[in-house]
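Rule-based calculations on the coordinates, nothing more; no lab input. Remember, predicted model here, so these are calculated numbers, not experimental data. So basically every Cβ, Gly included, is an ideal-geometry build from the backbone, and we count neighbours across all protein chains shown.
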Amino acid sequence: MSTDASPDTSSSSSIVDDAKRFGTPTEATPLADDDHQRELIAQAVDKVRDTTPLAQSFTNFVTINLVANAQLAAGGTAAMSYLPDDIIDTAAIAKATYINVGTLLPFFKDALGNIARSLHAAQHPWVLDPVAAGIGRTRSAILWAFRSAPPTIVRGNASEIIALAGIWDLNVPSAGAHADTTRPAGVEAVDDVDSARDAAVIMARYLRGYAPNHRAAVAVSGATDLVTDGDTVYRLPGGSEMMTKITGAGCSLGGVTATYLAVTDPLTAALTASALYNRASEEAERASHGPGSFQTAFLDALWNTTAQTVSQSPITAEAV
Amino acid sequence: MSTDASPDTSSSSSIVDDAKRFGTPTEATPLADDDHQRELIAQAVDKVRDTTPLAQSFTNFVTINLVANAQLAAGGTAAMSYLPDDIIDTAAIAKATYINVGTLLPFFKDALGNIARSLHAAQHPWVLDPVAAGIGRTRSAILWAFRSAPPTIVRGNASEIIALAGIWDLNVPSAGAHADTTRPAGVEAVDDVDSARDAAVIMARYLRGYAPNHRAAVAVSGATDLVTDGDTVYRLPGGSEMMTKITGAGCSLGGVTATYLAVTDPLTAALTASALYNRASEEAERASHGPGSFQTAFLDALWNTTAQTVSQSPITAEAV
Amino acid sequence: MSTDASPDTSSSSSIVDDAKRFGTPTEATPLADDDHQRELIAQAVDKVRDTTPLAQSFTNFVTINLVANAQLAAGGTAAMSYLPDDIIDTAAIAKATYINVGTLLPFFKDALGNIARSLHAAQHPWVLDPVAAGIGRTRSAILWAFRSAPPTIVRGNASEIIALAGIWDLNVPSAGAHADTTRPAGVEAVDDVDSARDAAVIMARYLRGYAPNHRAAVAVSGATDLVTDGDTVYRLPGGSEMMTKITGAGCSLGGVTATYLAVTDPLTAALTASALYNRASEEAERASHGPGSFQTAFLDALWNTTAQTVSQSPITAEAV
């Protein structure tokens, strides 16, 4: 799935085989057709459609409608709020929560910290979308507050993942190498997905220290998506460039990730959402004539893409 | 019109003929083809298209765009605000107002009470959509504040109508029978429409005590919609299950109800909006391939469905 | 581009040739096919598509999604916020900003004044959409605050331009003649475009006193759009009546104007956005069956309309 126009630079030929250096990739190998992870993905697609789980969202005002519609199109149900009392009440009946810091109001500064602490105390799984991480004091203060009550999954573009790792003071060995190229650029990534690989791995390991059952994941969206649980790095190529020409491709992917997190483990949730988005956006590009008809066709494709198609997506895996 | 996936359990065979017990339905009979109410419905459809009345809205952030677009597609005009000074200024030029408590901000707690009192003082008709009634202290406080300055029409799903009757301390005889099955479930109904029949009738009678010309209505959306003015219970079957797969079906129905309330009486407004939604959603289901194209086709169908088609919808009526 | 249903009353036959009276139009003449202004329009269309410039927005909750999607469909990139710290941070990387006062929250009263002063201090170009100018104390206070740190472009319908000129105490000679017909009517114009001609000219001259490079523009949307830099009045006929049947036609035009302002001068930005909207809405009307499919087709047409088609739009010019 592509949420930015950066070229895909993640080819196996560029991988240095240096297992000593932390975070350096070993060789990525295609996931076998009968790999157990593919079964888990197929089950997640079907379980959402069979059980219509509720995932609630605290998300930005720009794309809140698309987030809800994408969750419904994937088969789940949706509830949205900006009030801690609503979110905490609904967490008792929702299986997962999605929080997106795209458009903030002043009172969110306290509200979001309180919500995160409450979700953490309840061991309630949630997905964070650190939109525009690095821009604005208010956003940085909120993201810092999440450090001690972190999400189960973080999903963002490469720039956001790198910026969030910085805000959280995570010790990313390769951070220096990218210091000159990493800067916030509105809500668009200016870094390629692989530049965030090390940050993603370190972040996943940090998250699982706080997570229910010690399982967590980080998903980096780009021309090729990268998903990791801290032990293995998965790459999911494909998708459509048109995803960068509609607003909310990334946000709604985060929301759908929460929908899957309501029925499965964090790694499977992130992989399933990414694979569904790649296949659905490819189908939508074939069926459309511009960004208006693309969005319409994309929601149709979320609804119509089969569990078989999603689970048989091209995926590579490498041990960290 | 269906805003939830609950099966339609409202069949005349399940009706107990016991006129002694309050709220027990008598036999529902089809509305005659030349019933005067059908004329009023046809006139409402045409009058909106001929006069493009302004109905203003204070509605949630998720579906605010669809509410406005649905009002425009039905033929009206729209204005949206969250400020008491705006709403009160605009009430002088708008014929009706729509208030939806789906996504609240902290300042709404005082603002919405002030707005309701101002509308009541001006005898200005308005529609309340008690989204997620029963969830959150802030929402409950706002809904309680409406008790002494209530709307002209309440439109919600069965769970919301039952919950609102509880918040308002209305004396619903059958409430105990449903106490174990009624609970808030996000924004989705978990109760069937008929379980809210008694609450709807009592609520309509309560509302008309405060309403301009002592006329009010309550509409319960479900697989079969239920509309009542406190004397007669109307049922409107049909619609599309796909309405549960887009966000804002219910909210925009509330907004379009306000558009009709700008040109007609509360009962006719609620019946017209429900019948239009049923016919338009059936047409949209025929013309679409998933939830994306369904929403597009639904707005087209709101625009294209004739007054004749709307007014000749299947409707049954029973005296309370 | 039409954002209201007012008939187009701007014909050259109604123009009085009285150069002594300020603001009386001289004869409007068609812009030559090889006029330099047409070249600038074609360059603006292409430069946005080639460089995907970032324009940020502080805009209303109703149409924020359409604003972003229209900016993307025109070829730009988008970022949205409601926080001064976000807007001021992002102004350093965005080339232009769009501010729309459609749906206000209480804290916007201070926030928007602070943002305007900050943009002014940085000589950062921005577009104001004075939605519903004249309604509500909060909105009037905000618009008054912009008077001493004004935008580079104002885009509105005739009623809004006239109301804003009044709020800013601009000395519009013909204002008295329209005093009885000018009143706020929700967000719909009740005045025809030419009634705002004098206000637009005076406003453009006022704005350029504060603007970077002393260049500014005012755009009045209607059945025929009117754009002026204070010296010349341009008129752009055409577009589709269906633009009045979707919400956000005007708001998204303001957002796309900011996208063009990121790559060109204010006059060219306003002309380019207006001409693109007229051609795209005509194409969308041909390709659609109602307001749902119209909006979808309109976004496709923003994406597909060529620079050649936009720059060869019918445009007349008259010296003031």
For chain C, with equal point scatterers placed on the C-alpha atoms only and solvent neglected, what are the log10 I(q)/I(0) values from the Debye formula at q = 0.09, 0.10 1/Å, to two decimals?
-0.38, -0.48
Separation between Cα centres of the range A:245-320 and the range B:192-245, rounded to whole Å:
39 Å
Specify which residue in the list A:ALA145, A:PHE107, A:SER57 is farthest towards the positive end of the charge dipole of the range A:27-319, using unit charges on the beta carbon of Lys, Arg (+1) and Asp, Glu (-1), about the Cα centre.
A:PHE107
With a 10 Å cut-off between alpha carbons and a GNM built on chain C, which of C:THR63, C:THR228, C:THR259 moves the most?
C:THR63
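Which whole number gives the average count of other chain Cβ atoms within 10 Å of the Cβ atoms across peptide C:240-246?
Mean number of neighbouring Cβ atoms from other chains: 3.
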Scoring only Lys, Arg, Asp and Glu (+1, +1, -1, -1) among other residues with Cβ under 14 Å from the Cβ of B:ALA91 yields -1
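Report the local net charge at A:ALA141: Lys and Arg +1, Asp and Glu -1, summed over other residues whose C-beta lies under 15 Å from its C-beta.
So the surrounding residues net to 0.
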Given +1 on the Cβ of Lys and Arg, -1 on the Cβ of Asp and Glu, and no further charges, what dipole in debye does the range A:27-319 carry about its Cα centre, rounded to the nearest 20?
740 debye
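Averaged over peptide A:65-78, how many Cβ atoms belonging to another chain are found within 10 Å of each residue's Cβ?
Other-chain Cβ atoms within 10 Å of each residue's Cβ, averaged: 5.
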To the nearest µm²/s, what D does Stokes-Einstein give for the protein assembly as shown at 20 °C and 1.002 mPa s, using the Kirkwood radius over alpha carbon pairs as Rh?
75 µm²/s
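For C:VAL131, C:VAL220, what ranking results if the residue with the fewest other Cβ atoms within 10 Å of its Cβ goes first?
Fewest-to-most Cβ neighbours within 10 Å comes out as C:VAL131, C:VAL220.
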Running a GNM on chain A with Cα contacts under 10 Å, which residue among A:LEU83, A:LEU54, A:LEU261 ends up with the highest mean-square fluctuation?
A:LEU83
In a GNM of chain C with a 10 Å cut-off on Cα contacts, which of C:ASN65, C:ASN304, C:ASN213 has the highest mean-square fluctuation?
C:ASN213
Packing-wise, with mean Cβ within 10 Å as the measure, how do A:68-74, B:45-51 rank, highest first?
A:68-74, B:45-51
Counting helices only, and only those DSSP H runs with n ≥ 4, report the 222 nm mean residue ellipticity of chain A as the sum of -39,500 (n - 2.57) divided by its residues, in deg cm²/dmol to the nearest 500.
-13000 deg cm²/dmol
For C:TRP144, B:TRP303, what ranking results if the residue with the fewest other Cβ atoms within 10 Å of its Cβ goes first?
C:TRP144, B:TRP303
10 Å Cβ neighbours from other chains, averaged over peptide A:100-106:
5
Would you mind counting up the charge near C:THR268? Only other residues with Cβ under 11 Å from its Cβ, with Lys and Arg at +1 and Asp and Glu at -1.
0
Quick one: if you stick a label point 7 Å off each Cα along the C-beta vector at B:SER148 and A:THR51, how many nm between them?
4.6 nm
Exposure proxy order (Cβ contacts within 10 Å, fewest to most) of B:ILE93, A:ILE135:
B:ILE93, A:ILE135
